[in-house]
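**Q** First the structure, then my questions, so here it is.
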Amino acid sequence: MSRLIAESRRESAAVLAETVAVLEEPLPLSWSGESPLANLMASGLRAWTAAEIGLVNAGQATAGLPAGRVTRARLLELCPGPINPCRMRLRGAHIRRALEEALLPEFTGKEIRGFGFRGKVLGTLALDGITVEAELDRPAYERIVRAAVGGGELEDEREYVVGTIDMFTFGAGYLSLSHGTHVEYMVPELLRDVLAGQLRDAAALRDSTAPRWHVRGGAR
């Protein structure tokens, strides 16, 4: 048994030492506001699920990445949770509610336990396929001034195809995102597998710095 364990450890170490990507620029992460690494996760989920909109909480990543080599071990540290991508249909009103909550510190700083989550706090919502204008000087839940999807306004009664994570469907974090229909879980792939592909995609890396949130006033 000792020999088998030692052999498995050597094999695991070799796999974890493999290079996933080499970054020319760092990828910062913020849990309280928009950041390139979180945007990269959102765009990856949107592409992976062939969805109109990509949504993920920034707290799924534990830290940003410096420029240089990224190994499988580092990626495991970065996204330690067994979180699977999923695709669903979600009404615009439920998306809007989650966007409003993503501007509130009681959500971005909320500690989550279970549901596959292995981070520290929920973090704000990272987006792809949707741009949002918000004014923090307005009352809570009235701060979203405009949300646009595919060149048109977000419609409360319309259903959108959303690429996101299984945790939300379990009623954790942004609760309105648990109201999706036609939910498809994409297993056995994990969020870190999605991110690995994004780290090798030069166009996705460039696009991760483009703002999705346009927030005015207050202190976020």
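Rule-based calculations on the coordinates, nothing more; no lab input. As the structure is a prediction and not an experimental result, all values here were calculated from the model. When we count neighbours, we look across all protein chains shown, and the Cβ atoms used for this are built from the backbone with ideal geometry, even at glycine.
**Q** How much of the pair distance distribution for the chain lies past 27 Å, counting alpha-carbon pairs only, in percent? Show your work: numbers first, answer last.
**A** Working: 7326 of 24090 pairs.
For the chain, the fraction of Cα-Cα distances above 27 Å is 30 percent.
**Q** Relative contact order for the chain: what is it in percent, counting Cα pairs under 8 Å that are at least 6 residues apart?
**A** 31 percent
**Q** Considering only Gly129, Gly59, Gly44, give the residue with the highest GNM mean-square fluctuation for the chain, with springs between Cα atoms whenever their separation is below 10 Å.
**A** Greatest mean-square fluctuation among the candidates belongs to Gly129.
**Q** If you stretched the chain out fully between Thr71 and Val187, how much longer would it get, using 0.36 nm times the residue separation minus the C-alpha to C-alpha distance?
**A** Numbers: separation 116, 0.36 × 116 = 41.76 nm, distance 2.24 nm.
Going from the current span to full extension adds 39.5 nm.
**Q** Which whole-number percent gives the relative contact order of region 12-93, counting Cα pairs below 8 Å spaced six or more residues apart? It would help to have the intermediate numbers written out before the result.
**A** Values: 99 pairs, mean separation 32.1, N = 82.
Value for region 12-93: 39 percent.
**Q** With a 10 Å Cβ neighbour count serving as the proxy for reagent exposure, in which order, fewest first, do Leu122, Leu154 appear? Could you put the intermediate results ahead of the total?
**A** On the way: Leu122 25, Leu154 21.
Ordered from fewest to most neighbouring Cβ atoms within 10 Å, Leu122, Leu154 come out as Leu154, Leu122.
**Q** Show me, for region 51-63, the HN-Hα J-couplings you get by feeding each phi into the Karplus relation (A = 6.51, B = -1.76, C = 1.60, θ = phi - 60°), rounded to Hz, glycine and proline as x.
**A** Each residue of region 51-63 in turn: 9, 6, 10, x, 9, 7, 7, 4, x, 5, 9, 8, 6 Hz.
**Q** Looking at the chain as a GNM with Cα springs under 10 Å, which of Val20, Val145, Val56 has the largest mean-square fluctuation?
**A** Checking each option, the largest mean-square fluctuation is seen for Val145.
**Q** While we're here: Express in whole angstrom the spacing between the alpha-carbon centres of region 128-174 and region 19-86.
**A** 20 Å
**Q** Sticking with this one: At Arg158 and Ser2, where each label point lies 7 Å from the Cα along Cα→Cβ, what is the point-to-point distance in nanometres?
**A** Going from the Arg158 label point to the Ser2 one covers 6.6 nm.
**Q** Starting from the amide H of Lys110, placed 1.01 Å from N in the peptide plane, find each other amide H under 5 Å away whose residue is 5 or more places distant or on another chain.
**A** Answer set, sorted by chain and number: Leu122, Gly123.
**Q** Once both axes come from the Cα atoms, what is the angle between helix 2-16 and the longest principal axis of the chain, in degrees from 0 to 90, rounded to 10?
**A** The angle comes out near 50 degrees.
**Q** For the Cα atoms of the chain, what angle does the longest principal axis make with the long axis of helix 92-101, in degrees from 0 to 90, nearest 10?
**A** Here the helix axis deviates by roughly 80 degrees.
**Q** Same structure again: Given the options Ala47, Ala102, Ala17, state which has the largest fluctuation in a GNM of the chain using a 10 Å cut-off (strictly under) for Cα springs.
**A** Ala17
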